[in-house]
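Peer 1: Structure incoming, see below.
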Amino acid sequence: MAIVLGAIADDFTGATDLANNLVRSGMRCLQVIGVPEQPLALDDIDAVVVALKSRSCPVTEAVEDSLAALDWLQGQGARQIFFKYCSTFDSTDKGNIGPVSEALMERLGAPQTVMAPAFPINGRTVYQGHLFVGDRLLNESGMQHHPLNPMHDADLVRVLSRQASRPVGLAARPVLAQGGEATRRHLDALREQGVGHVICDTLDAQDLAVIAAAVVDLSLVTGGSGLGQALPAQYRRQGWLAEVAEPGRLAPAAGSALVLSGSCSRATLGQVAHFLEHHPGHALDPLALAEGEDHVQAALAFARERLATGGPVLVYASADPARVQAAQAALGTERAGQLVEAALGRLARQLVAEGVGRLVVAGGETSGAVVSALGIRTLRIGDQIDPGVPWTQAPLADRGAPLSLALKSGNFGGPDFFTRAFEVLP
Ligand code: ADP
């Protein structure tokens, strides 16, 4: 059976964010890490999100990877392609949003696409083409200090015009206020004038619904995960998508419960402290990891003993800023991070091989290290634990039941995330 939506996301957590919203709007969703080399079983899947690392890499690489993802998704019969980027339009004058969009349009033979980055419930709105984060313009939101893609201009028509070769236009709020049909006519008129990219104003969920209604026939749409939340209703209206009772339903979880944390964000530090009030945990110290094997072996022994009764148990390198700085001063920032990521990756591999079946990982980079240590290539997306963080399931070659996995980037999740995650897992 062909999939309805094929999405190309420019980073891993952005992919999960979109996939989570698609499930919440009724699509059965698979996230794949990189472009798959093997054919996948997609019988009960409505949407596939390919997670790339194309946000900040050189333009040529971003274009090449995105086109490879497009070819693969078209091979799965996707009716619509969605290029997903950050709701703060993370990019530079070189790209990658403009060049990737144009390469996808070219390959699809699409004369026009839309740009709808807004995610109103998270405070990202667009008015008269200007992107706001809460009540601040993008260029006063803190994003002007971003280390990789500082955003110095909130006018997205201007921002995209610097990256794109085709003319950029605007679908402004007064047009959206007239509904989906009127917005579609506006897009048509712009297309006749040669406008290839249309920035969409968005103040609220109603605007996203209007945009979704106007663009459901386009072969390519682009934007943030907010648009992803609005599209499935249109797919159902078109008769492309059946009503599914539990799109986030996963196989029953089996195996003991482990939390691995390499995030030092304030939210994670609170979650670690909360967990330790109720369950056992073991701290990893990068300085001790640099000394040799013993430190990892001690953590393994600690975890094994508690996992024998099912867990949950926590192993964490998470530390307050003073301790992180001390480790970084002694080892170098990169080496400190690598030691922690390698240790948590090894613990994951070993303990999953020994029977862990429910795994929560905290930290964006840490999640990448654990997923790659486990050799995971696909994640079936389940129900949300906290906003933006779903349970997922990954098939593992040498394991009968799939591994239940929750990957939480730094600032996500309430204070009781580590304990509640296991309580809400069926
Ligand atoms: P977040 O999502 O909170 O940014 P990440 O996992 O992306 O978390 O990044 C945290 C980084 O800090 C990782 O590279 C991790 O290995 C490193 N790290 C974790 N604990 C320590 C520590 N105690 N000292 C130094 N670096 C650490």
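Peer 1: Computed over the Cα atoms of the stretch 327-426, what is the ratio Rg over Rh, Rh following Kirkwood?
Peer 2: Values: Rg = 14.1 Å, Rh = 14.3 Å.
Ratio of gyration radius to Kirkwood radius for the stretch 327-426: 0.99.
Peer 1: Restricting to bridges with both residues inside the chain, how much of the DSSP beta-bridge set is antiparallel, in percent to the nearest 5?
Peer 2: 30 percent
Peer 1: Ignoring solvent entirely, what values of log10 I(q)/I(0) come out of the Debye formula for the stretch 256-424 at 0.14, 0.15 Å⁻¹ when each Cα is a single scatterer?
Peer 2: Results for the stretch 256-424 at q = 0.14, 0.15 Å⁻¹ read -0.66, -0.76.
Peer 1: Something else: Could you size up the charge dipole of the chain around its Cα centre, putting +1 on the beta carbon of Lys and Arg and -1 on that of Asp and Glu, and report it in debye to the nearest 20?
Peer 2: 400 debye
Peer 1: Which translational diffusion coefficient, to the nearest whole µm²/s, is obtained for the chain from the Stokes-Einstein equation, given a Kirkwood hydrodynamic radius over C-alpha pairs, 10 °C and 1.306 mPa s?
Peer 2: The diffusion coefficient I find is 71 µm²/s.
Peer 1: If you don't mind, there's one more thing I want to ask. Label Ala329 and Ala353 with points 7 Å out from Cα along Cα→Cβ: what is the distance between them in nm?
Peer 2: Placing both labels 7 Å beyond Cα along the Cβ direction yields 3.9 nm.
Peer 1: To continue, here is another question. Seen from all sides and averaged, what is the projected area of the convex hull of the Cα atoms in the stretch 153-199, in nm²?
Peer 2: Projected area, direction-averaged: 3.3 nm².
Peer 1: Also, I was wondering about something else. Lysines within cross-link reach of Lys94: Cα-Cα under 25 Å, excluding same-chain residues under 8 positions apart?
Peer 2: Partners found: Lys53, Lys84.
Peer 1: Related question: So if each residue of separation counts as 0.36 nm, and I subtract the Cα-Cα distance between Ser372 and Asp43, what length gain in nm does that give?
Peer 2: Numbers: separation 329, 0.36 × 329 = 118.44 nm, distance 2.56 nm.
Result: 115.9 nm gained on full extension.
Peer 1: Something else now. For Gln128 paired with Ala254, estimate the spin-label separation in nm (one decimal), with each label point 7 Å from Cα along the Cα-to-Cβ line.
Peer 2: Label at Gln128, label at Ala254, 6.1 nm between them.
Peer 1: As an exercise, take the mean of 1/r over every pair of distinct alpha carbons in the stretch 165-273, invert it, and state the Kirkwood radius in angstroms.
Peer 2: When all Cα pairs of the stretch 165-273 are included, the Kirkwood radius is 17.2 Å.
Peer 1: Each label point is 7 Å from the Cα along the Cα-to-Cβ direction; what then is the distance between the points at Ala182 and Gln144, in nm?
Peer 2: With each label placed 7 Å out from Cα toward Cβ, I get 3.5 nm.
Peer 1: Further question: Can you give the alpha-carbon Rg of the stretch 5-238 over 2.2 N^0.38 Å, where N counts its residues?
Peer 2: Ratio of Rg to 2.2 N^0.38 Å for the stretch 5-238: 0.92.
Peer 1: Whole Å is fine, so just give me how far the alpha carbon centre of the stretch 317-368 lies from that of the stretch 1-70.
Peer 2: Result: 26 Å between the Cα centres.
Peer 1: Out of the DSSP beta bridges found with both residues in the stretch 256-424, what percent are antiparallel (nearest 5)?
Peer 2: Numbers: 7 of 25 bridges.
Given both bridge residues lie in the stretch 256-424, the antiparallel proportion sits at roughly 30 percent.
Peer 1: Let me ask something else. Farthest toward the dipole's positive end in the stretch 5-238, which of Ala47, His186, Val63, given Cβ charges of +1 (Lys, Arg) and -1 (Asp, Glu) about the Cα centre?
Peer 2: Projecting each Cα onto the dipole axis, the largest value belongs to His186.
Peer 1: Next up: Rounded to the nearest 20 debye, what is the charge dipole size of the stretch 1-62 about its Cα centre when +1 sits on each Lys and Arg Cβ and -1 on each Asp and Glu Cβ?
Peer 2: 140 debye
Peer 1: Take the Cα pairs of the stretch 46-156, get the Kirkwood Rh, then feed it into Stokes-Einstein at 10 °C and 1.306 mPa s and tell me D in µm²/s. Please list the in-between numbers first.
Peer 2: Details: Rh = 15.0 Å.
Here the translational diffusion coefficient equals 106 µm²/s.
Peer 1: Which value, in debye to the nearest 20, describes the size of the charge dipole of the stretch 256-424 about its Cα centre when Lys and Arg Cβ atoms bear +1, Asp and Glu Cβ atoms bear -1, and nothing else is charged?
Peer 2: 360 debye
Peer 1: Cβ under 10 Å from Val23's Cβ, Val23 left aside: what net charge do those residues give with Lys, Arg +1 and Asp, Glu -1?
Peer 2: +1
Peer 1: Next question. Relative contact order for the stretch 1-95: what is it in percent, counting Cα pairs under 8 Å that are at least 6 residues apart?
Peer 2: 43 percent
Peer 1: Please report, to one decimal in angstroms, the Kirkwood hydrodynamic radius of the stretch 252-294 built from all distinct Cα-Cα pairs.
Peer 2: For the stretch 252-294, inverting the mean 1/r across all distinct Cα pairs yields 12.6 Å.
Here, each number is a calculation from the coordinates, and none is a lab measurement. Owing to the predicted nature of the structure, the values given are computational and were not obtained by experimental measurement. Counting neighbours? That spans all protein chains shown, and the Cβs are built from the backbone with ideal geometry, glycine included.
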